[in-house]
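In what follows, a structure is listed as structure tokens, so that the remarks can point back to it.
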Amino acid sequence: MTVAKGLTNGAVPMGAVIARQQIHDAFMTGPEHLVEFFHGYTYSSHPLACAAGLATLETYAEEGLLTRAAQLQGYFADALHSLRALPGVVDVRNIGLVGGVELEPTAGSPAKRAFDVFLDCYEHGALVRTTGDIVALSPPLIIERGQIDQIVDILGQAIRRA
């Protein structure tokens, strides 16, 4: 595995690519003097963006935000899966603090039920996302148990009204 090719002086990469060895090798067969994954964006390596990225990584480490998801995932799963028995719920699934509640589509109007739930949740103080007939949840890593309860309660009420 190639990691942070060309970084020196303790520099830390702020991005990564994971690829199967076969795909990696296909891109790494060019001349030594060329960049393998050539790309560029207007703000690439902008000092302010880099400082913000590094400060964010420091905050994640100092406040244990990456391990926080592991500590709350069971609580989140239990709360989210409590919606499974509601009318119109087809499936509930999650991994870590990311979850989805799949809803039965409204006949002739795919994604309408989930959009109605989205609007209802928003009107009651919870912002969720939809993708088709799935209500998607990905709360911030700073979330507390009480806030999980609040989101799931608002979502459950919205599903009942839909």
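For region 114-140, the candidate set comprises residues that are in a helix (DSSP H, G or I) and not hydrophobic (A, V, I, L, M, F, W, C); within that set, the residue that is least open to solvent (accessible area, probe 1.4 Å) is Asp120.
Checking the structure you have, find out if any residue of region 104-113 is under 17 Å from Arg161 (Cβ atoms), in contact with a strand residue (DSSP E or B) (Cβ under 9 Å, 6 or more places away or on another chain), open to solvent by 80 Å² or more (accessible area, probe 1.4 Å) and not acidic (Asp, Glu). Yes, there is a match, as at least one residue in region 104-113 is under 17 Å from Arg161 (Cβ atoms), in contact with a strand residue (DSSP E or B) (Cβ under 9 Å, 6 or more places away or on another chain), open to solvent by 80 Å² or more (accessible area, probe 1.4 Å) and not acidic (Asp, Glu).
In the condition set (1) over 30 Å from Asp133 (Cβ atoms); (2) part of a helix (DSSP H, G or I); (3) at pLDDT below 90, Glu36 is compliant with all but (2). When Phe118 is tested against (1) at positive phi; (2) in contact with a Leu (Cβ under 9 Å, 6 or more places away or on another chain); (3) not charged (D, E, K, R), just one condition goes unmet, and that condition is (1). Under the condition of being within 15 Å of Val135 (Cα to Cα), open to solvent by 80 Å² or more (accessible area, probe 1.4 Å), touching a residue at least 24 places away in the same chain (Cβ under 8 Å) and under 19 Å from the mean Cα position of the chain (by Cα), the residues counted in region 47-96 number 0. Checking each residue in region 141-162 for being surrounded by fewer than 16 Cβ atoms within 10 Å (Cβ to Cβ), touching a helix residue (DSSP H, G or I) at 6+ places or on another chain (Cβ under 9 Å) and within 18 Å of Ala69 (Cβ to Cβ) picks out Ile142, Glu144, Arg145, Asp149.
The values are calculated or read from the model by the stated rules, or taken from the named source; none is laboratory data. Only a predicted model underlies this, so the values are computations on that prediction, with no experimental measurement involved. Here the Cβ is made from the backbone with ideal geometry for all residues, glycine too, and neighbour counts use every protein chain on show. Surface areas here come from the heavy atoms of the whole protein model, side chains and all, with no ligands, DNA or RNA. Shrake-Rupley method; radii C 1.70, N 1.55, O 1.52, S 1.80 Å.
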